[in-house]
1. Label residue 147 and residue 186 with points 7 Å out from Cα along Cα→Cβ: what is the distance between them in nm?
2. Can you compute the charge dipole magnitude of the range 156-210 about its Cα centre, using +1 on each Lys and Arg Cβ and -1 on each Asp and Glu Cβ, nothing else charged? Give it in debye, rounded to the nearest 20.
3. Considering Cα pairs under 8 angstrom that are at least six residues apart, work out the relative contact order of the chain and quote it in whole percent.
4. Roughly how big is the chain's charge dipole about its Cα centre, with Cβ charges of +1 (Lys, Arg) and -1 (Asp, Glu), in debye to the nearest 20?
5. Summing -39500 (n - 2.57) over the DSSP H runs of n ≥ 4 in the chain and dividing by its residue number, what mean residue ellipticity at 222 nm do you reach, to the nearest 500 deg cm²/dmol?
6. Using a Förster distance of 22 angstrom, determine the FRET efficiency expected from the C-beta separation of residue 100 and residue 127, and round it to 0.05.
7. At 25 °C and 0.890 mPa s, what whole-number value in µm²/s does Stokes-Einstein give for the translational diffusion of the range 47-156, with Rh from the Kirkwood sum over Cα pairs?
8. Go ahead and collect, in residue order, the members of the range 51-83 whose backbone nitrogen is under 18 Å from a label point 7 Å along the Cα-Cβ direction of residue 197.
Amino acid sequence: MFRRITTWLGISNKPYLNEDDRMKKFLIVGLGNIGTEYSDTRHNIGFKVLDYIAEQEAISFKSAKLGALTTMNVKGRSLLLLKPSTFMNLSGKAVKYWLDKEKIPLTNLLVITDDLNLPFGTLRLKTKGSDGGHNGLKDIQDKLQTTKYNRFRFGISNAFSKGRQVDYVLGKWNEEESALLDERLKVSSELIKSFAFAGVNNTMNQYNGK
């Protein structure tokens with residue numbers, strides 16, 4: 001299904017995904033910050049979801065332009081998984097680059113992000129919306145010049161005291177959250193696969209609030 005990848009440097013003119021049918025190509029972007037100090041923080045749940053999928057599918061991320069990439073198939077659909085290396089606040093640059101390079105329709109973009117307004121582990125898929133104060137979403141909106149793109153929000157709750165939001169978001173999962181995380185990652189991976197093969201509306205009906 002995939003064209004053989006001749007380089008992982010991100011500078012080849014050849015696409016990562018087969019060009020035969022654009023509507024069967026998807027870009028799945030997990031938002032996060034690069035660096036070991038951020039690797040297990042709440043703000044990096046986008047990276048963590050994609051890392052979980054890669055482990056389950058026995059695929060590996062490789063460094064490429066503006067991020068780390070890997071590919072997978074889901075029932076005839078071709079998925080390009082991207083972890084931007086631009087840091088959270090410049091996520092839009094990587095998203096736009098890979099959408100354009102792979103000629104992936106905007107309707108087939110899914111951005112995974114943390115959400116303070118949802119209880120821990122709550123999943124919510126939306127087709128549009130504001131950035132909600134999230135700097136990664138804000139930059140994506142700016143680079144794409146639209147708020148109409150699919151985003152998968154993973155609830156991290158707002159269990160922090162006044163003035164401690166940054167510390168909380170960039171903090172590590174607590175013991176209770178860690179114990180429940182694997183199950184939530186499993187359901188998250190199922191949601192992403194459903195998005196690709198069943199469509200956004202069916203997936204929202206099945207998974208929102210689950």
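Please treat every number below as a calculation from the coordinates, not as lab data. Everything quoted here is computed from the prediction, not taken from an experiment. Here the Cβ is made from the backbone with ideal geometry for all residues, glycine too, and neighbour counts use every protein chain on show.
1. Result for the modelled spin labels: 3.7 nm.
2. That gives a dipole near 200 debye.
3. For the chain, the relative contact order is 24 percent.
4. Around 820 debye, computed over the chain.
5. So the calculated ellipticity at 222 nm is -10500 deg cm²/dmol.
6. 0.60
7. Translational diffusion coefficient: 169 µm²/s.
8. 53-59, 71-81
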